[in-house]
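Undergrad: Below you'll find the structure I mean.
The values are calculated or read from the model by the stated rules, or taken from the named source; none is laboratory data. In this text the structure is predicted, and so the values were computed from the model without any measurement. All Cβ positions, even for glycine, are placed from backbone atoms using ideal geometry, and neighbour counts span all protein chains on display.
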Amino acid sequence: MIEYKSKLSDSGETIFSKMSTLSAKHNAINLGQGFPNFDCDPRLRELISKYLNQGKNQYAPSAGVLELRQAIADKIRRCYDKEVDPNTEITITAGATQAIYSIINAFVHRGDEVIIIEPAYDSYNPSIEMTGGVVVPYRLEGPEFTIDWEVMSGLITDWTRMIIVNTPHNPTGTILSSDDLVALSRLISDKNIILLSDEVYEHVIYDEARHESVMRYPDLYEQCMAVYSFGKTFHSTGWKMGYCVGPERLMSEVRRQHQWIVFSVNSFLQYALAEYLTDPDTYENLPSFYQNKRDFFNDSMHGSSLMPYKSAGTYFQLFDYSAISAESDVDFAVRITTEYGVASIPISVFYSNGMDNKVIRLCYAKTEDLLEKAGNQLRKL
């Protein structure tokens, strides 16, 4: 029998697969995994058919078709008043997760330290491990989940190569402020540190708040690679379409990695998205669209013993269940799936040390009938 040693410290089944399997087994409402149960815009599907029928079926350029990169550059100018060169500063990727891995793989070498903010999106840690890097966690605590930048500065050493931030933040639903971005810029301005800014929920932000993208901060941008997701923006997570943006001197190395990981991304979707992005309404209406869902879901949960945390962005809501049970969050999530028919995600899995604050995450990127049904079930707790 062939023997091998995994590069990953934990190669078991993810909690997302576990909860989705459990949800299907018990015919539960799956508010665990973060994807919509509704389809994308019919016009976008029509554009895909249009370009399929035009024969856009061969390899795209490795960096992505120029039409889409130009459309993204136009969007960045409109949203953030930032000029980026579509030829040298934008690369189309097979989803945001591939962009994140390519960036980490480009700059993190064996023994380099990467500061991540926990609870953290679950791809960060294994991506760092596979490069031989060392994860250094900064752990947020609820209910505010704010960053103390003085404490953060104490984590920086001579071996710190990268800091990863995520705003709006999955899973907490918090957002970084302009003061946060200024503090972050000061923190790394005189250091050989690259910032990876995960901004996949850039348009899913509420209550008229402004998304504080690194694109708004010229000095910070010079040390940064930013990551975005068409799947999250246009309700099409299964397409695995994303992109990254950064200064040419950093992007050139990311593209070297990208070409050997996937080479290029499917062509017909790129042409369709390029045309679709010419209408700003396709993304400018998203804040109100998802805020209505957030508010509807919270209204549906009114009267529940679950205590909601504020969701300022993303399409996730955290709930504290400590008034109901002393169970671990994993056990609690399993029990409400099997007994109450609603699947969630326990927050401890987003911490490398498994910190359990008796909090679960629910996804409200669902149709109102499903959210109302889930609320009815959870009010029985």
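Undergrad: Considering only the stretch 134-148, I want to know if a residue exists there that is crowded, with 20+ Cβ neighbours inside 10 Å, on the phi < 0 side of the Ramachandran plot and outside the structural domain of SER352 (by TED's automatic domain parsing).
TA: Yes, the stretch 134-148 has at least one match.
Undergrad: In addition: Of all residues in the stretch 322-345, how many are of a type outside the set (A, V, I, L, M, F, W, C) and either crowded, with 23+ Cβ neighbours inside 10 Å or part of a helix (DSSP H, G or I) (or both)? Working first, answer last.
TA: Within the stretch 322-345, the first condition is being of a type outside the set (A, V, I, L, M, F, W, C), and the residues that meet it are 322, 325, 327-329, 331, 335, 337-341, 344.
In the following step, the residues that additionally are either crowded, with 23+ Cβ neighbours inside 10 Å or part of a helix (DSSP H, G or I) (or both) were identified as 329, 331, 335, 337-340, 344.
Number of matching residues: 8.
Undergrad: Report yes if ALA60 is buried (at least 19 other Cβ atoms within 10 Å of the Cβ), over 30 Å from PHE350 (Cβ atoms), in contact with a Pro (Cβ under 7 Å, 6 or more places away or on another chain) and not aromatic (Phe, Trp, Tyr), otherwise no. Before you say what the answer is, go through the steps one by one.
TA: On the way: buried (at least 19 other Cβ atoms within 10 Å of the Cβ): yes; over 30 Å from PHE350 (Cβ atoms): yes; in contact with a Pro (Cβ under 7 Å, 6 or more places away or on another chain): no; not aromatic (Phe, Trp, Tyr): yes.
Against the criterion (buried (at least 19 other Cβ atoms within 10 Å of the Cβ), over 30 Å from PHE350 (Cβ atoms), in contact with a Pro (Cβ under 7 Å, 6 or more places away or on another chain) and not aromatic (Phe, Trp, Tyr)), ALA60 does not qualify.
Undergrad: Here is a follow-up. Please verify whether LEU371 is surrounded by 18 or more Cβ atoms within 10 Å (Cβ to Cβ) and not in a helix (DSSP H, G or I), treating the condition exactly as stated. Spell out the reasoning first.
TA: Details: surrounded by 18 or more Cβ atoms within 10 Å (Cβ to Cβ): yes; not in a helix (DSSP H, G or I): no.
No, not satisfied.
Undergrad: Also, quick follow-up: Considering only residues that are of a type in the set (Asp, Glu) and either at pLDDT below 95 or part of a helix (DSSP H, G or I) (or both), which ones fall in the stretch 58-93?
TA: So in the stretch 58-93, the residues of a type in the set (Asp, Glu) come out as 67, 74, 81, 83, 85, 89.
Correct list: GLU67, ASP74.
Undergrad: Within the set of pairs 6 or more residues apart or between chains, which connect a residue that is closer than 30 Å to HIS109 by Cα inside the stretch 134-145 to a residue that is modelled with pLDDT under 95 and in a strand (DSSP E or B) with Cβ atoms less than 6 Å apart?
TA: Note: no pairs meet the criteria.
Let's see how each residue does on (1) closer than 22 Å to PHE38 by Cα; (2) touching a residue at least 24 places away in the same chain (Cβ under 8 Å):
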| residue | (1), (2) |
| --- | --- |
| ILE261 | no, yes |
| GLN270 | yes, yes |
| TYR276 | yes, yes |
| PHE289 | yes, no |
| ASN292 | yes, no |
| SER300 | yes, yes |
| SER305 | no, yes |
| LYS310 | no, yes |
| TYR315 | yes, yes |
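Undergrad: A follow-up question, please. Which condition breaks for ASN298 when tested against (1) out of contact with any helix residue (DSSP H, G or I) (no Cβ under 6 Å at 6 or more places or on another chain); (2) among the polar types (S, T, N, Q); (3) in a loop (DSSP other than H, G, I, E, B)?
TA: Every listed condition holds for ASN298 apart from (3).
Undergrad: Oh, and also: Every residue in the stretch 196-219 that is closer than 17 Å to GLU248 by Cα and surrounded by fewer than 22 Cβ atoms within 10 Å (Cβ to Cβ), please.
TA: TYR217, PRO218, ASP219
Undergrad: Another question, if that's okay. Filtering the stretch 256-305 down to residues that are among the basic types (Lys, Arg) and surrounded by 17 or more Cβ atoms within 10 Å (Cβ to Cβ), which residue is nearest to LEU318 (Cα to Cα)?
TA: Narrowing the stretch 256-305 to residues among the basic types (Lys, Arg): 256, 293-294.
Still in the running and surrounded by 17 or more Cβ atoms within 10 Å (Cβ to Cβ): 293-294.
Values: LYS293: 15, ARG294: 11 Å.
Among those residues, the one meeting the criterion is ARG294.
Undergrad: Is the stretch 90-104 home to any residue that is within 27 Å of ARG216 (Cβ to Cβ), more than 18 Å from the chain's Cα centre (by Cα) and surrounded by fewer than 23 Cβ atoms within 10 Å (Cβ to Cβ)?
TA: no
Undergrad: I've got another one for you. What's the number of the only condition in (1) outside any loop (DSSP other than H, G, I, E, B); (2) in contact with a Leu (Cβ under 7 Å, 6 or more places away or on another chain); (3) of a type in the set (Ser, Thr, Tyr) that TYR290 fails to meet?
TA: (2)
Undergrad: Can you tell me which of VAL265, VAL254 is closer than 18 Å to GLU89 by Cβ, β-branched (Val, Ile, Thr) and outside any helix (DSSP H, G or I)? Spell out how you get there, then give the answer.
TA: Numbers: VAL254 fails: outside any helix (DSSP H, G or I).
Among VAL265, VAL254, only VAL265 is closer than 18 Å to GLU89 by Cβ, β-branched (Val, Ile, Thr) and outside any helix (DSSP H, G or I).
Undergrad: Then there's this: Say we look at the stretch 19-42 and pick out the residues that are within 25 Å of the chain's Cα centre (by Cα) and assigned to a helix (DSSP H, G or I); which of these is modelled with the highest pLDDT?
TA: We begin by selecting, within the stretch 19-42, every residue within 25 Å of the chain's Cα centre (by Cα); these are 19-24, 28-42.
Right, trim to assigned to a helix (DSSP H, G or I) and you get 19-24, 42.
On the way: MET19: 91, SER20: 91, THR21: 93, LEU22: 93, SER23: 92, ALA24: 93, PRO42: 96.
Only one residue fits best here, namely PRO42.
Undergrad: Moving on to the next point. Of the residues that make up the stretch 357-376, is at least one within 20 Å of the chain's Cα centre (by Cα) and either of a type in the set (Lys, Arg) or in the same structural domain as ILE116 (by TED's automatic domain parsing) (or both)? I'd like the intermediate steps shown before the answer.
TA: If we filter the stretch 357-376 for residues that are within 20 Å of the chain's Cα centre (by Cα), which is where we start, we get 359-366.
Within this subset, residues satisfying the condition of being either of a type in the set (Lys, Arg) or in the same structural domain as ILE116 (by TED's automatic domain parsing) (or both) are 361, 366.
Yes: one or more hits.
Undergrad: Anything in the stretch 116-132 that is more than 17 Å from the chain's Cα centre (by Cα) and either outside any loop (DSSP other than H, G, I, E, B) or farther than 24 Å from PHE263 by Cα (or both)? List them, or say none.
TA: Within the stretch 116-132, the subset more than 17 Å from the chain's Cα centre (by Cα) is 129-132.
Answer for the stretch 116-132, where residues must be more than 17 Å from the chain's Cα centre (by Cα) and either outside any loop (DSSP other than H, G, I, E, B) or farther than 24 Å from PHE263 by Cα (or both): GLU129, MET130.
Undergrad: Residues that are out of contact with any helix residue (DSSP H, G or I) (no Cβ under 9 Å at 6 or more places or on another chain) and closer than 28 Å to SER264 by Cα: find the strands (runs of 3 or more DSSP E) completely inside the stretch 156-250 holding 3 or more of those. It would help to see each step written out before you state the result.
TA: Numbers: elements: 160-166, 194-198, 224-229, 242-245.
Once the strands (runs of 3 or more DSSP E) in the stretch 156-250 are filtered for at least 3 residues that are out of contact with any helix residue (DSSP H, G or I) (no Cβ under 9 Å at 6 or more places or on another chain) and closer than 28 Å to SER264 by Cα, nothing remains.
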